[in-house]
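So the structure is just underneath, and the comments pick up after that.
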Amino acid sequence: MAKQASRALAGTIREHDAALGGLIRANPLAILVVDADDCVQMVNPAFEQLFGYREAEIIGQPIDAFIVPLDRTMEAAGLSRRGIEGKTARSFTQRRRKDGSLVDIELTVVPLANSSGTIGAYGIFRDLTEQKQAERHLRAQYAVIEALAHSSTIEDAASWVLRAVAESVHWQVGAMWLVDKTADRLRCVDFWCPPAIDATAFEQQTRASQFERGVGPGRTWEMNAPAWIVDVTKEPKFSRRDAALAAGLHAAFSFPMLLDGDVVGVVEFFTLSVLESDPAILKMFAALGQQLGEFVGRTRAQEQLERFFTMSGDLLCIANFDGYFTRVNASWHRILGYTSTELMSQPFIDLVHYEDREATMAAVAGLTEGRPLVAFENRYRCKDGTYRWLSWTSTPKLDERLIYAVAHDTTDRKRLEQQTQETLKMRNDFVSFVTHQLRTPLSGIKWMLELARDTDDIGEKGSYIEDARESADRLIGLVNDLLDASRLESGKLQVTLEPVRLRQLTYDVLADVATLVREKDHDLDIQSEPDIPIALLDSQLLRQVILNLTSNAIKYTPPGGRIEIRIGRTGPALHWSIRDSGIGISEESQKRLFEKFFRADNAHTVDTEGTGLGLYLVRLIVERLGGTITCESEVGRGTLFHFTLPLAAGDMP
Amino acid sequence: MTKSILLAEDDRFLRRACETKLKQAGFDVRVAVDGEEALTCVRDKVPDLLLLDLLMPRRDGLSVLSALRGDPKTKDIRVVIMSNSSKDLERQKAAALGVVDYWIKSNLSLQELCDRVTQLLNGPAR
C-alpha cells in the first residue's frame, strides 16, 4: 500500500518536473524528494554529485541511513517532521558524503502536498563548503596573527599557531620544524594535538626526531614547496608510520616557512581521514608559510640585536637628555660592579671621576645639540671605589631626547701604555747608565796607555800600564756582572753542587776584604752556631753572594762602624745575616733594592762606581739556590741583610 | 803667569791621568776626590778653571756648580763639565748653570783634553 503510494508520488513528481522543464533535474542545487516516511523518492544529478550516491542506490530507502551523520539524527528527524507537518524549515548543518567526509550545507525542507494533504517533502541542499572554508581560513588567519602578535619568538607562538590552523581545517595534529643551520637539520619546535586524540607515541617520536633535507618534513624543506600525503600509513618511507598508525593518523600535508625565498622551517598537519590533495588548503597555507617565515626573520633580527646588546664586551647604554641611563647592558655590571637599577637611579655624572666631570658635561652638552662623540675618554667609579678608563662613542637622537653610547674599557691599555713608557725609560736609563759605567774604565785604560806611551821613564811607564790593567779588570768585572745577570735571568747559568762549609767560606771571603775593613777601621764580629752542617751548594755562586753583601756593608758604613755576621741553622735551612751600622736605606729604596740597575738614592754619596747589579745578582743567585733574601734598614742607623738557603738532599752531618 | 786648575774627579785612574798630563803642560793643578772636597777647594782659592765631573760621591757635580753660582765669591768661576754621561737632561742643566763646555771624557785623548784646556786658559794657540 505504502509502496504503491510511493511509486505514485515519484511518478507524479517526475511528471511535474518534466512539465516544468526539468526544474528539479537541471537544478544546480542538490535536491531530494522523500515521502512521508522519509524514504527517498527522487534525487537530482546535483545531489548525486554532492554526496556521491547514485539515485538507484538509495531510492526507496530511508535517507537517514545515507547522508545523516550519527550526531545529527535528532536534528534531521526534527526537520523531516516539520516538512511532513506542512511547514518549511531551514538549517545550517552538516551531512555525510558516501566517502565518509562531512560537508557543510544549508538545508531547506519544503512540504510536498496535494489535495489530500502533505505527502512528502523536498530537501534542498546548498553546499557551504567553500563559504565555510573561507570563513575558517579567515578565522585561522586571524588566530595566527593574534598568536604572533603576542609572542616574541616563533617558539612561543608555535603551539597557538598549530592549534589555530588545525582547528580551522579540522585536522587534528600539527608539528612545527625549524631549520638548525649548524646541524643542517630540521628540529621540532612544537607539537599540537587535541586531548581527545591519543597520539603520545607519535608526539614523542616527532619531538625527538631530526630530519635532513629530503627526508620526512625535510622533503618540503628541500623542495621549497608544500607536500601532500594521502595516507602516511601507506607510505613505506614515512619514518613515523607505526606511531601514526597507532594514533589513527592518515592524510598529511606540510608547507615551508619562507623568509626571502629561503626555507627557515616546515609546518606539518595530520588528520584521521585518508584525504586526496586539497588545492584550497594548499593555497591558503602558502600564504601562511610566508607569514610565519617573515615572523621568524623579524624575531631573529630582533634576537640578534638583543644578543648583540647583551653579549657585547663593551659597555652599551642609552641615556636620556636629563642625564640618566635608561638602559645598560650586562657589561656594566661585569666591569663596574653596579646593578642596572643602581646605574639608572642616579645621574651618570655622579659616577664620573671629578677631574673628568667638566669635560664630560661639555661632551654631553654637545650631544644634546646633535654633535656625535668619538673617542672621548673619562674615568668611571666602580662599586669597589676604583676607577676604570672608558673611551666613548656616542650618538644623540634628538627627537627621542636620547643618547646611544658605547664605551670601551681602556684601563688595561692605558696601564700597558704606561708600563711600556716605564720600560722604555728603564731601557734608556739602562743604556745611559751602562754607557757611563763602561766609558769610565775605558777612558782610564786609554789615558793611562797614552801617558805610558809618552814617557821614557821605565818606572812611570810600568805604573801607568798597571793602572790601565786595573781599569781593564774593572771593565771586565762589569761585563761579567752583566753577563751573569743575563744568564741567571734566562736560567742558563750552570749550578755546580758540591759540599760547602758555610762558616769556612765566610771566613775565606772576609780574608779577601780584610784590607778594606782595616782601612775603614770597622769593628767586625762573626758568630756561628757550632753545628752548621756541610751543605750541597754552588760554592762559587755562594761566595759571590757573601762577598757582595760584606763589601756593601764595609762600603756603606762610615769609618769606625760595626759589622756583625751571624751564621746558623733552623730546621732544614741555613741562614746567614750581616748587620752594619751604615748609612741605611730609605723605605722607598728598600722596595726596589733587588731590582736590576736600581741604586738606593743615597748610594751615590758613597760610591759612584756601583752598577746597580750587585744586589740584583745576589737575589738571583739566592733564588737560584732555592733560598730567599730580605733586607731591613733604617736611614742613618744601619742595614741588616738576611738570607736562607735550603740544605740540599744529600746533607752531611 | 801659571794658570790654576781644580780637577774634581772621583775615579782615581782618570784623576791621576788628567793631573799628570795637565801638570806636564805646566798648569797649577789641584785635585778633589768628591763634590764636597771640590767645593771646599774652590772656596779656599778660586781656580782659573774648574774641570768638574758630574757623578761623584757626597755631592754631585751639578749640585757643586749650583752652590758655586749661588755664592758671590765663586759665582763667576769658569767651569767645564767632564763627564762620561751623555744624557741630554744633564747637558741642559749644566748649560743652564753657565758652563763653558761639556766634554765626554772617553771621546777625548789626554792630548786633546790638554790642548782644549790650554786654549781656554791661554787663548788661541800661538
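No lab work stands behind these numbers, since they all come straight from the coordinates. This is a predicted model, so every value here is computed, not measured. No Cβ is skipped: glycine too gets one built from the backbone with ideal geometry, and neighbour counts run over all protein chains shown.
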- [ ] Taking a cut-off of 26 Å between Cα atoms, list the lysines near A:LYS87, but don't count ones fewer than 8 places away on the same chain.
- [x] A:LYS3
TODO: Neighbouring Cβ atoms within 10 Å as the yardstick, rank A:LYS132, B:LYS21 fewest first.
DONE: A:LYS132, B:LYS21
Open item on the list: If the reach is capped at under 14 angstrom between alpha carbons, list the aspartates and glutamates near B:LYS45, excluding any in the same chain fewer than eight residues apart.
Closed with: B:ASP28, B:GLU37, B:ASP71, B:ASP76
TODO: Just tell me how shielded A:325-337 is by partners: mean number of partner chain Cβ atoms within 10 Å of each residue's Cβ, no decimals.
DONE: 0
Task: Principal-axis tilt of helix A:154-169 within chain A, Cα atoms, nearest 10 degrees - done: 10
- [ ] Work out the FRET efficiency for A:LEU483 and A:ASP508 from their Cβ-Cβ distance, taking R0 = 22 Å, and round it to the nearest 0.05.
- [x] 0.40
- [ ] Mind scanning A:LYS555/A:LYS591; A:LYS461/A:LYS555; A:LYS555/B:LYS73; B:LYS23/B:LYS105; A:LYS425/B:LYS93; A:LYS596/B:LYS87 and naming the pairs with a C-alpha gap bigger than 24 Å?
- [x] A:LYS461/A:LYS555; A:LYS555/B:LYS73
Open item on the list: Along its three principal axes, how long is chain A when you only count alpha carbons? Whole Å, largest extent first please.
Closed with: 171, 68, 47
- [ ] Specify the inter-centroid distance of region A:104-126 and region B:42-106, based on alpha-carbon positions, in whole Å.
- [x] 136
TODO: Using only atoms on other chains, find how many Cβ atoms lie within 10 Å of each Cβ of peptide B:108-119 and report the average.
DONE: 2
Task: Residue exposure sequence - B:LEU65, A:LEU536 - by fewest surrounding Cβ within 10 Å - done: A:LEU536, B:LEU65
Open item on the list: Please enumerate, by chain and number, the lysines with C-alpha under 22 Å from the C-alpha of A:LYS132, excluding those fewer than 8 residues away in the same chain.
Closed with: A:LYS98, A:LYS283
Open item on the list: With the crude spin-label approximation of a point 7 Å out along Cα→Cβ, what separation in nm comes out for A:ARG624 versus A:LYS283?
Closed with: 9.3
Open item on the list: Using 0.36 nm times the number of residues separating A:THR233 and A:ARG334, minus their current alpha carbon distance, what extension gain do you get?
Closed with: 30.7 nm
Open item on the list: Counting other beta carbons within 10 Å of each residue's own, what order do A:GLU146, A:GLU85 fall into, fewest first?
Closed with: A:GLU85, A:GLU146
Task: A:LEU424-A:SER490 FRET efficiency (beta carbon distance; Förster radius 22 Å; 0.05 resolution) - done: 0.55
Task: Average Cα contact separation per residue, chain A, under 8 Å, 6 or more apart, as relative contact order % - done: 5
Open item on the list: For region A:297-426, take every pair of Cα atoms, bin their distances at 10 Å starting from 0, and report each bin as a whole percent.
Closed with: 12, 41, 32, 12, 3, 0
TODO: First check a/c for region B:4-122, with a ≥ b ≥ c the square roots of the eigenvalues of its C-alpha gyration tensor; if it is under 1.5, answer rounded, and if not, answer prolate when a/b is larger than b/c or oblate otherwise.
DONE: rounded
